[in-house]
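To start, the structure itself, in structure tokens.
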Amino acid sequence: MTKMSATVCLSPEMKSGPFLFSDDLAESCRQAAAAGFSGVDLIISSPDSVSTTVVERTLTKYTLALGAIGTGAGFVCKGLSLTSPDRIVREEAIKYVIDTMDFAGHFGASVIIGSMQGQIDKNTDRTLAYSWLRESIGYLAEKAEKLRVVLLFEPLNRYESNVINRLEDAIDVLNLQDFSNLKLLADTFHMNVEEQKIGEAIHKAGEAIAYIHLADSNRRAAGFGHIDFQEVAQALEMINYDGFLSAEVFPYPNAQCAAMKTMETLNKVFVKGPSHEDSSRKR
Ligand code: LER
Ligand code: MN
């Protein structure tokens, strides 16, 4: 069964981002469950801004899983970065990610490093920045294993980060195969900008992919833009992907419509039923 997750933003500073729901936790979870999602992803200001007890109680009430937790607020709001030339900033970034993994460990959720990869400034040598990133990600991946958390690295498009933009580069730069708990998050919005062919890139990355952000070319719900989600679904099927598809999209024209559109596209292209099999046999 396809596992769908809805992004829930609990951070006041991040509310203008591409997140489906941004009411309080209980109301966002109520809406996510009502729309048919089986999980939520949380965008939080910091790991100490949320209570494990409250999150657990709310998830149980709405029968939702916690898919993943983002660390983007650490970069956007606190200026933390794993490629900062300032060692203290890099160390604080590492601590922020560890604290987030600690929280995620209670729920068997994954932790995302997206914006936290930072920006390589023009005075910093790229090879040096990559060595900082490799070192900190390696350290975090080992911690992740102990905490039973999957650490997800997410390539971002060039307008958001100049560090790692493509799945293949993440695999190469981070020596991904050396760590069992270090995986890739493939975001179709970023891939639409950076990858030559989204389906081929997914196929090539294969089992390195453990999470999907499902958004269209304009970062609206899948089906509101021009990404070929049939191609995405076929590639995911080829790699036997069974993780979450997470709707990291703008609540356009409102959260309910965006949630409905996501589900419509999901049922059209991702869920295999008799009609899908019949139509493929006819071809
Ligand atoms: C940022 O654009 C993004 O896609 C987030 O998932 C990063 O954590
Ligand atoms: Mn994303």
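The values are calculated or read from the model by the stated rules, or taken from the named source; none is laboratory data. As the structure is a prediction and not an experimental result, all values here were calculated from the model. Virtual Cβ from ideal backbone geometry, glycine too; neighbours counted across all protein chains shown. When the accessible area is computed, the model is the full protein with side chains, heavy atoms only, and any ligands, DNA or RNA have been set aside. Shrake-Rupley method; radii C 1.70, N 1.55, O 1.52, S 1.80 Å.
Give the lysines whose C-alpha is closer than 16 Å to that of K78, dropping any in the same chain fewer than 8 places away, or say none.
K15, K95
Got a sec? What order do Y211, Y139 fall in by accessible area at 1.4 Å, biggest, i.e. largest, first?
Solvent-accessible surface, decreasing: Y139, Y211.
Using 0.36 nm times the number of residues separating S46 and N254, minus their current alpha carbon distance, what extension gain do you get? Before the final figure, lay out each step's value.
Working: separation 208, 0.36 × 208 = 74.88 nm, distance 2.63 nm.
Additional length available on full extension: 72.3 nm.
May I ask you to derive the relative contact order of the chain, considering only C-alpha pairs under 8 Å and at least 6 residues apart, and to give it as an integer percent? Display every interim value, and only then the final one.
Values: 565 pairs, mean separation 50.2, N = 283.
It comes to 18 percent, rounded to a whole number.
Given an 8 Å cut-off on Cα distances and at least 6 residues of separation, report the relative contact order of the range 151-283 as a percent.
On the way: 200 pairs, mean separation 26.2, N = 133.
For the range 151-283, the relative contact order is 20 percent.
Once you keep just the Cα pairs under 8 angstrom separated by 6 or more residues, what percentage relative contact order results for the range 149-207?
Relative contact order here is 40 percent.
Please list, ordered by chain and number, the residues whose modelled amide H lies under 5 Å from the amide H of I209; skip anything fewer than 5 residues away on the same chain.
Placed amide hydrogens put L184 under 5 Å from I209.
Can you give the Rg to Rh ratio for the range 32-79, taking only C-alpha atoms and Rh from Kirkwood? Write down the numbers at each step before the final one.
Values: Rg = 12.1 Å, Rh = 11.7 Å.
Ratio of gyration radius to Kirkwood radius: 1.03.
What size of dipole, in debye to the nearest 20, comes out for the range 75-139 about its Cα centre when the only charges are +1 on Lys and Arg C-beta atoms and -1 on Asp and Glu C-beta atoms? Present the calculation step by step, with values, prior to reporting the outcome.
Values: 7 positive and 8 negative charges, 32 e Å.
Dipole size: approximately 160 debye.
Against the empirical 2.2 N^0.38 Å scaling, what ratio does the C-alpha Rg of the range 20-119 come to?
1.13
Can you give the Rg and Dmax of the range 70-121 based on its C-alpha atoms, in angstrom?
10.9, 36
Across the range 169-183, in residue order, what do the Karplus-derived ³J(HN,Hα) couplings come to in whole Hz, using 6.51 cos²θ - 1.76 cosθ + 1.60 with θ = phi - 60° and x for Gly and Pro?
5, 4, 4, 6, 5, 9, 6, 3, 5, 7, 10, 6, 9, 10, 10
Using the crude model of +1 on Lys and Arg Cβ and -1 on Asp and Glu Cβ, and no other charge, please compute the dipole size for the chain relative to its Cα centre, in debye to 20. Spell out each step's value before the answer.
Working: 28 positive and 37 negative charges, 99 e Å.
Once rounded to the nearest 20, the dipole reads 480 debye.
What 222 nm value per residue comes from the helices of the chain, counting each DSSP H run with n ≥ 4 as -39,500 (n - 2.57) and dividing by all residues, nearest 500 deg cm²/dmol? The partial results should precede the final answer.
Details: 11 runs with 118 residues, N = 283.
My calculation for the chain gives -12500 deg cm²/dmol from helical runs alone.
Given a Förster distance of 30 angstrom, what is the FRET efficiency for D24 paired with R158, based on the Cβ-Cβ distance and rounded to 0.05? Write down the numbers at each step before the final one.
Values: r = 35 Å, r/R0 = 1.16.
E between D24 and R158, to the nearest 0.05, is 0.30.
Under a 1.4 angstrom probe, counting protein chains only, how are K268, K197, K261 ranked by accessible area, largest first? Each step should come with its number before you reach the end.
Numbers: K268 140, K197 105, K261 40 Å².
Result, largest first: K268, K197, K261.
Just the Cα atoms of the range 74-186, one point each, no solvent: what log10 I(q)/I(0) does Debye give at q = 0.10, 0.15, 0.19, 0.23 Å⁻¹?
-0.25, -0.57, -0.94, -1.40
Could you list which residues have their amide H under 5 Å from that of A215, counting only those 5 or more apart in sequence or on another chain, with H placed in the peptide plane?
Residues meeting the criterion, in which the H sits 1.01 Å from N, are T188, F189.
Long-range amide H contacts for E160: which residues qualify at under 5 Å (H placed 1.01 Å from N, peptide plane, sequence gap of 5 or more or a different chain)?
none
Can you work out D for the chain in µm² s⁻¹ from Stokes-Einstein, where Rh is the Kirkwood radius over C-alpha pairs, the temperature is 20 °C and the viscosity is 1.002 mPa s?
Details: Rh = 18.9 Å.
D = 113 µm²/s.
Using a/c under 1.5 as the rounded threshold, could you call the range 168-216 rounded, prolate or oblate? The axes a ≥ b ≥ c are square roots of the C-alpha gyration tensor eigenvalues, and prolate needs a/b larger than b/c, oblate otherwise. Walk me through the intermediate numbers first.
Details: a/c = 2.11, a/b = 1.66, b/c = 1.27.
The shape class here is prolate.
Charges on Cβ only, +1 for Lys and Arg, -1 for Asp and Glu, centred on the Cα centroid of the range 176-238; of N218, L182, A233, which one is farthest towards the dipole's positive end?
Checking the options against the dipole of the range 176-238, the answer is N218.
Strictly greater than 18 Å: what percent of every Cα pair in the range 146-283 meets that?
On the way: 5289 of 9453 pairs.
When every Cα pair of the range 146-283 is considered, 56 percent fall beyond 18 Å.
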